Amino acid sequence: MLSLFEKGIVELIKCALNGGKPKLDDSFDFEEAYEFAQKRQITPILFYGASSLDGFMDTLIGKRFFKSTMNLSFYCAEQSETISSVKSAFNENGIDYLVVKGTILRNLYPYPEMRLMSDADILIREENYEQIRPIMRGLGLVEEYESDHELVWKKGEFTIELHKRLVPSYNKDYYEYFGDGWKIATIKDDNTSEYFMSAEDNFIYNFVHYAMHYRNSGIGVKHVTDFFVMMDNNPELDFNYIETELEKLQLLEFWKNTKKLLDVWFKSVNSDEITDFMTRRIFDSGAYGTLENKLNSEAVRTSNTGKNVKANKMFKVIFPSYKGMCQKYSVLKKAPILLPIMWIVRWLEAIFNPSKIKAQKKQIDMISEESVNKYQSELNYVGLDFNFD
């Protein structure tokens, strides 16, 4: 059963999206709700849900909610301006692109600031990157780093992630389904270089992203709300197709549990043990998960067992992978043979920075054979696994 606080949070979100005055228990603490919302990037949606309450706007906490929401509204507008400038530049230069995730989803909410995002995700063709680089610089963006699936740029506090592929290649099961992602993209018209996904494929991709985060470190409240909003805006979604594809991805059971969770949150259906467990996990995961979950997930993903987990983690700390080292030492991209030397360089750097050694030891101490096996069991309980075989 949901706690009174959890019920209150869900009630505020529901009223923000559907209208109406929220019915809250007298014990509901808006101070606690504000702190909860700030850490999970859902302050505006709670504000819009609470704003119809008599006298709320006259309270100190109501004014805090209002001020934060207005600031975030301006920030969202700045984000949109930057995204629009990138899209325009890509169109002018004939650069194929596909905007995904938060940038698309926020347009489905009554107000864009209800769906906060830390970054914008845009799929590009990797072979066009040398042409894209000067375009991004010309728009005032600064190149940050390259990961397995992203080329990361920043403008002030805002990040734009240019995706080489829709999901990381190390999420092998989901990567096998999507490839680089272009096979499910369709160009909008002859006057643009922008592509789009069908409503169904967009739903599937966002669900895979949600599942990927849930199993990798945890997922936030706003990512669950996204599915309610997508379904509310697209009542004609073909769920026969969606569920057929999710079954191929071995995500059908997890979808059914998530669908029940949505019914509990937004349709007042009675909860069960699984939906209560999922609610608690999601509420405890901040905006994008926790470090402890991430460490346990990494151990599950790489070994599927908790055996020798500390020794395995220690080995990876001492000898990071080639891909990981390339992110720190770009010279390795041109000269992979230097990897052993750069390991030594990294060790020397660590010796003169003991705080990093302490941080790594703290991470190793956070995981154990018991915690890894428990994490694996909890994933299986909701219908998730790392299906790499």
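The values are calculated or read from the model by the stated rules, or taken from the named source; none is laboratory data. What you are looking at is a predicted structure, and each value in this text was computed from that prediction instead of being measured. Counting neighbours? That spans all protein chains shown, and the Cβs are built from the backbone with ideal geometry, glycine included.
Output the residue which, of all residues in the stretch 1-33 that are among the small types (G, A, S) and part of a helix (DSSP H, G or I), is farthest from the chain's Cα centre (by Cα). Once the filter is applied, the top-ranked residue is G8. If you go through the stretch 235-273 and keep only what is more than 30 Å from P22 (Cα to Cα) and hydroxyl-bearing (S, T, Y), you end up with Y241, T244. In the stretch 120-137, the residues that are assigned to a strand (DSSP E or B) form Cβ pairs under 6 Å with partners that are of a type in the set (D, E), at six or more places apart or across chains, as follows: D121/E161. Candidates in the stretch 79-119 are the residues that are of a type in the set (V, I, T) and either in contact (Cβ under 8 Å) with a residue 24 or more places away in the chain or in contact with a Phe, Trp or Tyr (Cβ under 8 Å, 6 or more places away or on another chain) (or both); of these, the one that is farthest from Q38 (Cα to Cα) is I95.
The residues listed here are Y174, Y205, Y195; of these, the one that is out of contact with any Gly (no Cβ under 9 Å at 6 or more places or on another chain) and either closer than 24 Å to G286 by Cα or part of a helix (DSSP H, G or I) (or both) is Y174. Note on the stretch 1-33: residues that are closer than 15 Å to L116 by Cα and touching a helix residue (DSSP H, G or I) at 6+ places or on another chain (Cβ under 6 Å) amount to 2. E92 fulfils the conditions (1) of a type in the set (D, E, K, R); (2) in the same structural domain as I9 (by TED's automatic domain parsing); (3) over 26 Å from the mean Cα position of the chain (by Cα) except for a single criterion, (2). The listed residues are N191, N206, N202, and the only one of them that is touching a His at 6+ places or on another chain (Cβ under 9 Å), among the polar types (S, T, N, Q) and under 30 Å from N93 (Cβ atoms) turns out to be N206.
Answer yes if at least one residue in the stretch 51-61 is crowded, with 20+ Cβ neighbours inside 10 Å and either outside any loop (DSSP other than H, G, I, E, B) or in contact with a helix residue (DSSP H, G or I) (Cβ under 6 Å, 6 or more places away or on another chain) (or both), and no otherwise. No, every residue in the stretch 51-61 fails to be crowded, with 20+ Cβ neighbours inside 10 Å and either outside any loop (DSSP other than H, G, I, E, B) or in contact with a helix residue (DSSP H, G or I) (Cβ under 6 Å, 6 or more places away or on another chain) (or both). Counting only helices (runs of 4 or more DSSP H) that fall entirely inside the stretch 291-389 and contain at least 3 residues that are at pLDDT 80 or above and under 21 Å from the mean Cα position of the chain (by Cα), the qualifying elements are 369-382. Taken over the stretch 94-123, the residue count meeting the criterion of being surrounded by fewer than 20 Cβ atoms within 10 Å (Cβ to Cβ) and charged (D, E, K, R) is 2.
If you go through the stretch 175-189 and keep only what is within 19 Å of I122 (Cβ to Cβ) and not acidic (D, E), you end up with Y175, F178, G179, G181, W182, K183, I184, A185, T186, I187, K188. Within the stretch 152-166, being out of contact with any His (no Cβ under 6 Å at 6 or more places or on another chain) and part of a loop (DSSP other than H, G, I, E, B) holds for G156, E157, L166.
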